[in-house]
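Data block below; observations after.
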Amino acid sequence: MKNTDSKGHTTGRSLFIDDIPVRKGTLHGVVLASTIAHGKVLNIDFLEALALPGVIRIFTEKDIPGENQIGGILPDESLLADPDVHFIGHPLALIVAKTERIARKARSLIRIEYEEYPAVTDPRVAWEKGLLLFPSRTFQMGDVNTAFSNCAYVFEGKADSGGQEHLYIETQGSYSIPKENGSMLVHSSTQGPTVVQRCIARILDLPMHKIEVDVQRLGGAFGGKEDQANAWAALSTMAAYLLQKPIKLVLSRHDDMYLTGKRHPYSSDFRIGLSKELKIIAWEVTYFQNGGAAADLSPAILERTLFHSTSSYYIPNVSATAYSCKTNLPPFTAFRGFGSPQAMFVMESAIAMAAGKLGIKAQEIQEKNLIDEQQEFPFGQVAVEANAISCWNDTFKTYNIGEKEKEIERFNQSDSMFRKGLAISPICFGISFTNTSMNQARTLVHIYQDGSVGISTGAVEMGQGVNTKMKQIAARAFSIDPSRIKLETTNTTRVANTSPTAASSGADLNGKALLCACNKLLSRLKETASAMENTSSDSISLQHEYVYSDNKKTNIGWEELVKTAFLNRVSLSQIGHYATPVIHFDKSIEKGHPFAYHVFGTACVTVKLDCLRGRYWVESVQIVHDFGSNEFSDLDLGQIEGAVMQGIGWMTMEEIGFNEKGKLLSNSLSTYKVPDIYSAPQIVECNALKTDGPELAILRSKAVGEPPFMYGIGAYFALQNAIRSFNPEARLEFNAPFTPEKVLLTLYPEKA
Ligand code: LUZ
Ligand code: MOS
């Protein structure tokens, strides 16, 4: 199926928060936030702002009826500063006015006095000062110390990767509407309707049933709205509750960029040990995660980093330690890949370093160490249906990589200021929330008496096409035309206790729960049909909108069947519940089986570099991807293409800058560059690895949201290889993003 939202999006008819027609009496909120990174608020002078005509009220921490706490995993983040501020952008107050423009004007009239403390922005500095958000964790397998002493080659180094701005097209926002008896309806641009509901209930000291969160769709999220939609929804709902007026709070792009957290920057130390035969036998790594001022999702992200410390490789002796360092920056948060891209970058850096020192191609090391069937990850899970090697081999065959390498060599020998480079990027990503209890979902299916179907799930549509997948699943289950099916909004009153749509698992979890509901309805409809046909229900099937009896078409169509069932008082509504079986994890020993399955793939990335100016182009990204059954090929290809671009952006051009006082410098689209159509690779090809796919994936079609992001890592190393060919003496460091400036400075190192 094609994405059912395509038409609405391209004609501008799809509804986002800012498109909801506002109710009469709606007021508008704007957030006042700290302008210093660390300190104490001594006084805020609201007088002039309050005197501005049209300003209704300004809410501060003192107005919060419940707990001033929005920390999801750890209770360490105040909604409104009280009076300590820990980052620039820490909310201090909500200004409510008749229009957004007036609220904004009022904000400019407010004067804040602080006592300022020194700010920390560097994770290693924070670590030295003992500033951790929570205790460190270590994953271990084998015996690294003995292993290192037996290695033929040992290399150590440092690898850093930067943050990343989500830049969802729709900024964060919410619209809160009071209902009767103290209940609230909240439209929120969130991946986690239940997370928002729980957060609001805590802030307002209300039971969760009083808060109905409704989500039509999001204009992108990428992890940025897994936890960080909370503050805005809580603020608008608190104001709406206390004023008993509808309140709309939609962040401007600039506010969104400096108020919200981004991908975690990491700084890491590594040591890699290889045998003479180039087998990696020892791997030691320490990650310094820049967590920002509060934990947010960092504990889960840190965990996913550790789960991916060996990337696509089997390494028998591993010691991986991760620290979450507390800095005075906005709390860093979920972003596609969730800590795993950072880990994979370190692993690939180590391999690139080893290859450089040994004077061989990284491919020689990569290929010899790909994880194979029945080999163990450092956290105890054993690889099954391990497709790393088949993806690798298929990539080399399908795209004739050997020939491509020769072509590049020939090109590089020609006498010009251009060089080309190639790198291979294998990926391996574990599917399931690492927090086992989150791997559950529910759906609610209504078959109306006219045969039309309404489906509610816990999944949030954010452009990825999950609603289209749900439609396809139900259409197939009932064997009816997809046009009979409507996907309802994601709503906490219809489907309760949803996990956020995250961890690439929205389609798997909700799709399985949907199948469960459909199958129950189907068996009741078959009972009805068997009575109509005077046969056993085993001999009944539904095919192409008709009842079949013993595989022979009857003249009972879908509509007649449904109507008959209704008249016979058969329930045409059904809840489906799904919880991923098999998975478990024991944190006390850091071992278990946390993932339903892994997704594999290999990309060959080539770049062309202008060695005079440092400009470069990604020429091609050619992929063999492990889709499983590849049941949703069009949608999934869209995910691959988007993820590849986003991964290349993270690795090459997207550079988050904070100054030493914790101020975000890259705070607009003129100072923060994201890939546009001109920086898209000329060629993006993706072939599906042919497999049946695992039972635990919906329709055996594997999760696809996050894994292909990591193909972008190849762009970094392809650039290094192009540089090496131009200047073999160049000092190659591992410090992403590899912006054109950095590339130029690497091509022409300053003479000592
Ligand atoms: N969110 C989360 C995620 O809460 N847990 C996870 O394991 C995860 N993984 C990837 C992306 N988001
Ligand atoms: Mo996510 S990074 O919210 O799947």
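The values are calculated or read from the model by the stated rules, or taken from the named source; none is laboratory data. None of the values given here were measured: they were computed from a predicted structure. Heads up, the Cβs are rebuilt from the backbone with ideal geometry, glycines too, and the neighbour counts pull from every protein chain shown. With ligands, DNA and RNA removed, areas are computed over all heavy atoms of the protein, side chains included. Shrake-Rupley method; radii C 1.70, N 1.55, O 1.52, S 1.80 Å.
Here are a few things to note about the model shown:
- Candidates T11, T286, M141 compared by Cα position along the dipole of the chain: farthest toward the positive end lies T11, with charges placed on Cβ.
- Extension gain, S416 back to Y678 (0.36 nm per residue minus Cα-Cα distance, nm): 92.0 nm
- For the chain, the alpha-carbon coordinates run over 84, 78, 51 Å along the three principal axes, in decreasing order.
- Inter-centroid distance (Cα atoms) of segment 553-621 relative to segment 371-403, Å: 21 Å
- With protein chains left intact and a 1.4 Å probe, residues in the chain average 39 Å² of accessible area per residue.
- Mean Cβ count within 10 Å, highest first, over the residues of peptides 352-358, 429-435, 412-418, 62-68: 429-435, 352-358, 62-68, 412-418
- In nm, spacing of pseudo-spin labels at E527 and T99 (7 Å Cα→C-beta vector): 6.1 nm
- Remark: the N687-R57 segment gains 221.1 nm on full extension, using 0.36 nm per residue and subtracting the alpha carbon distance.
- Note on segment 440-579: with charges restricted to the Cβ of Lys and Arg (+1) and Asp and Glu (-1), its dipole about the Cα centre is near 240 debye.
- Student exercise, the chain dipole from Lys, Arg, Asp, Glu Cβ charges, in Debye to nearest 20: 1220 debye
- Radius 14 Å from Cβ of D586, net charge of other residues (Lys, Arg +1; Asp, Glu -1): +1
- Reported to the nearest whole Å, the Cα centre-to-centre distance from segment 506-540 to segment 272-315 is 45.
- Here the label points at K210 and H9, each 7 Å from Cα along the C-beta direction, are separated by 3.8 nm in the simple model.
- Using a Förster distance of 56 Å, the FRET efficiency for R23-A152 (Cβ separation, nearest 0.05): 0.20
- 3J(HN,Hα) along segment 437-453, derived from phi through the Karplus expression 6.51 cos²θ - 1.76 cosθ + 1.60 where θ = phi - 60°, amounts to 5, 7, 8, 8, 7, 9, 9, 10, 10, 10, 9, 7, 5, 8, x, 7, 10 Hz, with x in place of Gly and Pro.
- Volume of the Cα convex hull of segment 46-196, divided per residue and given in Å³: 217 Å³
- Across K406/K608; K486/K512; K469/K553; K512/K563; K608/K742, pairs whose alpha-carbon gap is larger than 20 Å: K469/K553; K512/K563
- Virtual spin-label span in nm between L243 and T671, 7 Å along Cα→Cβ: 3.1 nm
- Size descriptors for segment 1-47, from the alpha-carbon set: Rg then Dmax equal 20.2, 58 Å.
- Accessible area per residue (1.4 Å probe, heavy atoms of protein chains only) ranks R124, R101, R476 as R101, R476, R124, with the largest value leading.
- Local charge for Q191 was computed over the other residues whose Cβ lies under 10 Å away, with Lys and Arg +1 and Asp and Glu -1, and equals -1.
- Helices in the chain that qualify as membrane-span-like (whole DSSP H runs, Cα extent of at least 20 Å along the helix axis, mean Kyte-Doolittle hydropathy of -0.5 or higher) are 340-358, 506-533, 633-648, 713-726.
- Of all accessible heavy-atom area on the chain, the percent that carbon and sulfur account for (1.4 Å): 51 percent
- Rounded D (µm²/s) - segment 440-579, Kirkwood Rh over Cα pairs, Stokes-Einstein at 37 °C, 0.692 mPa s: 215 µm²/s
- Less than 5 angstrom separates the built amide H of R57 from those of V96, all sequence-distant by 5 or more or on a different chain.
- Segment 551-664, dipole about Cα centre (Lys/Arg Cβ +1, Asp/Glu Cβ -1), debye to the nearest 20: 300 debye
- I315 long-range amide H proximity, modeled H, under 5 Å: none
- Phi-based couplings in Hz for segment 253-268 (Karplus 6.51, -1.76, 1.60; Gly and Pro marked x): 4, 5, 4, 4, 5, 9, 8, 10, x, 10, 4, 5, x, 10, 10, 9
- Most to least packed among 483-489, 312-318 [average Cβ atoms within 10 Å]: 312-318, 483-489
- Backbone phi angles across segment 40-51, fed through the Karplus curve with coefficients 6.51, -1.76 and 1.60 (θ = phi - 60°), yield HN-Hα couplings of 10, 7, 8, 7, 10, 9, 8, 3, 5, 5, 5, 7 Hz in residue order; Gly and Pro are listed as x.
- By the rule of a C-alpha distance below 16 Å, with chain neighbours fewer than 8 residues away ignored, the aspartates and glutamates paired with K526 are D538, E545, D550, E559, E560.
- For segment 173-207, the residues whose backbone nitrogen is under 16 Å from a point 7 Å from the Cα of E67, taken along Cα to Cβ, are 195-207.
- A Förster radius of 30 Å combined with the Cβ-Cβ distance from D550 to S571 puts the calculated FRET efficiency at roughly 0.65.
- If R0 is 30 Å, the Cβ-Cβ spacing of V384 and D634 corresponds to a FRET efficiency of close to 0.60.
- The residue list G380, I408, S437 was ranked by how far each Cα lies along the charge dipole of segment 377-441 toward its positive end, using unit charges on Cβ atoms, and I408 comes out on top.
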